[in-house]
Structure formats: structure tokens, C-alpha cells
Amino acid sequence: MSVTGKTAVVTGSTSGIGLGIATELARQGANVVLNSYTDNEEDHAQARALAEAHGTTVRYIAADMSKPDQCRGLIEAAGVCDILVNNAGIQHVAPIPEFPAEKWDAIIAINMSSAFHTTAVALPMMRAAGWGRVINIASAHGLRASPYKSAYVTAKHGVMGLTKVTALETAQEPITCNAICPGYVLTPMVEQQIPDTAREYGISEEEAVEKVILLKQPSKEFVTVEQLAGMVLFLCSDAAAQVTGTTLTADGGWTAQ
Ligand code: NAD
């Protein structure tokens, strides 16, 4: 089974990891739905450019993954969803006493609850099609904690639980659900964390990268979006038909510690 002709919905896919995964799926012949909440002309132009480059159908559908009805509406608007990549995510870094309640709520909604809502609508579509893949982009922070990331670590641990339940509820069907747990990937999300981390630890931005961010990643190298896209393709392949309810890490050895 290849992804050619399959329809893939990738949440939060106008940037970073989601865009990398969507691009590789289009390159392999999948029809792709790009998503973010912004609905700019650039978002639609990005979809047109991907479609032209790879000769597949690429649509941009705006939906705010912090809103349950819009999460569900995204999958309904897609109409078909053979491959669901729950990728949308945000970050905020602050000690618990200073962590803004609205940031907590937004991170839990976007990074965790959105995956529940999209999966709820996508599973019946996968059942009707007789094949499906749910791939949740969790994080090394779904397996390990770091200070100042209470909401993110909580949400990502929650996604790990949802992954296992989804796998069990689909275990006797040609549908799998797995989590990919990246270590640090140099995307706009991480670029924005560097000054926050420097401020929390009272160090320079260079030191924040070397001594805090890559401290936990024994390889001392960032993971790339291309490597993660390759893992998505593997999970979509026949070789991965019995891989379900588990975790693929790409973290340079972080969670081996
Ligand atoms: P990014 O900031 O580059 O991209 C995030 C995407 O999500 C963007 O397209 C953005 O528009 C979209 N988005 C944000 N809020 C949204 C909302 N409310 N509704 C719809 N879309 C929304 O981030 P990234 O680094 O590519 O992260 C993607 C995923 O990978 C996240 O779930 C993140 O937690 C996870 N992750 C990232 C890293 C890393 O080091 N970058 C590591 C592990 C896991």
C-alpha cells in the first residue's frame, strides 16, 4: 500500500514539521489538506504551489484547532481522511505560578484535545474506506518532563494516552494509530523558545541552545522535518500494518537517558 491517491489531513501544516510532512506526502502522490487558523492569501498560495509541484490535489482549509467544532469541521470539510496527522501545536514557557491560565487552556486544547476531535470524525471515514492511519505528533515531552513546560508536557503525555486508546479501539481493523516523539527540531516553534529559555535561565541565546535545549539531546544535533516525514511514510506502509499503539522516537538519544 502506498500513499498515492490517499487523502491526508495534516493539522497545523503551514509551517515547520506539519509543512514538511504535508510536502513529503504530496511528493509521494497523496492528496493533501493543509491547515492553520490564519486563512491568509499566502496559505492558499502555499497549497497551490504544492499542488503544482507534485501534481496532486492540495487544499488549504482554515480551522482553529483550539475550537472543538472547528477541529471536527476540518475533517468534515476534507470529506475523506485516510491519513490523519495530528500535528498542530503551540508552546509557552513559564514557571507554574506565573503560567497564564489562558495559555494553559490553549495548549491543552490545541496540542491535546484537537487530536481527540479530529480522530472522532476521521475514524468513521477510515472505516468506510477500509484503511486508515492516525499519526499523532507528540514529543519527547510526551515521555519526559522539563521545567517551565507544564501545559506542553501535560498535553503531550495526554496525546500518548489517546494514541493507545485509539489503537485499541481500531486493533481488529486495517487502521493503526501511533505517536511520533521528536526531540528538538529547529522550526519556528523552537526558534521562538530560545529567547524565552535564555530569559528563564538568565543566560545568552547561544548558551540556551547549547546548555539547555540540546543538553538533553545526546546527539547534539537537531532532528529534521525530512526525517520525521520519512517516519510518517513508514507508518503508512504495509511494513507498519501491525505497528499500532506505540511510539517512534526521533530524539538523538534523549529518552534513552
Ligand atoms: P510551528 O510553530 O513551526 O508550526 C505549528 C503549526 O501549527 C503552524 O502551521 C501553525 O499555524 C499551526 N497552528 C498553531 N496554532 C493553531 C491553531 N490554533 N489552529 C490550527 N493551526 C494552528 O511548530 P512545529 O515545531 O512545526 O511543531 C509542530 C508539532 O510538532 C507540534 O505539535 C509540536 O508540539 C511538535 N513538536 C515540535 C518539536 C520541535 O522541536 N519543533 C519537537 C517535538 C514535537
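Suppose a student asked you for the relative contact order of the chain, using Cα pairs under 8 Å spaced at least 6 residues apart; what percent would you report?
Working: 517 pairs, mean separation 50.6, N = 257.
20 percent.
Among rounded, prolate and oblate, which fits region 169-257 when a ≥ b ≥ c are the square roots of the eigenvalues of its C-alpha gyration tensor, a/c under 1.5 means rounded, and a/b larger than b/c means prolate? List each step's numbers first, then the result.
Details: a/c = 2.87, a/b = 2.82, b/c = 1.02.
Prolate.
Leaving ligands, DNA and RNA out of it, report the carbon-plus-sulfur percent of the accessible area of the chain at a 1.4 Å probe. Before the final figure, lay out each step's value.
Working: 6090 of 11070 Å².
Result for the chain: 55 percent of the exposed heavy-atom area is carbon or sulfur.
Gain in length, A241 to A145, computed as 0.36 nm per residue apart minus the alpha-carbon separation, to one decimal in nm?
Numbers: separation 96, 0.36 × 96 = 34.56 nm, distance 3.05 nm.
Stretched fully, the A241-A145 segment lengthens by 31.5 nm.
For the residue pair L168 and A49, what label-to-label distance in nm results when each label sits 7 Å from Cα along the Cα-to-beta-carbon direction?
Rounded to a tenth, the inter-label distance reads 4.4 nm.
Show log10 I(q)/I(0) for the chain at q = 0.10, 0.14, 0.17 Å⁻¹, two decimals, from a solvent-free Debye sum over equal Cα scatterers.
Rounded to two decimals, the profile gives -0.46, -0.91, -1.33.
Taking only protein heavy atoms and a 1.4 Å probe, what accessible area per residue, in Å², does the chain have with all protein chains in place? Please report the intermediate quantities before stating the final value.
On the way: 11070 Å² over 257 residues.
That works out to 43 Å² per residue.
Kindly rank 10-18, 66-74 from highest to lowest mean number of other beta carbons found within 10 Å of each residue. Display every interim value, and only then the final one.
Working: 10-18: 24.0, 66-74: 18.7.
Ranked from most to least packed, the peptides come out as 10-18, 66-74.
Arrange the residues Y60, Y148, Y37, Y201 by how much accessible surface each exposes, largest first, with a 1.4 angstrom probe.
Details: Y60 20, Y148 70, Y37 160, Y201 100 Å².
Ranked from most to least accessible, the order is Y37, Y201, Y148, Y60.
The values are calculated or read from the model by the stated rules, or taken from the named source; none is laboratory data. All of these numbers come straight from a predicted model, not from anything done at the bench. Please note: Cβ atoms are built from the backbone with ideal geometry, for glycine as well, and neighbour counts cover all protein chains shown. Ligands, DNA and RNA are excluded from the accessible area calculation, which covers all protein heavy atoms including side chains. Shrake-Rupley method; radii C 1.70, N 1.55, O 1.52, S 1.80 Å.
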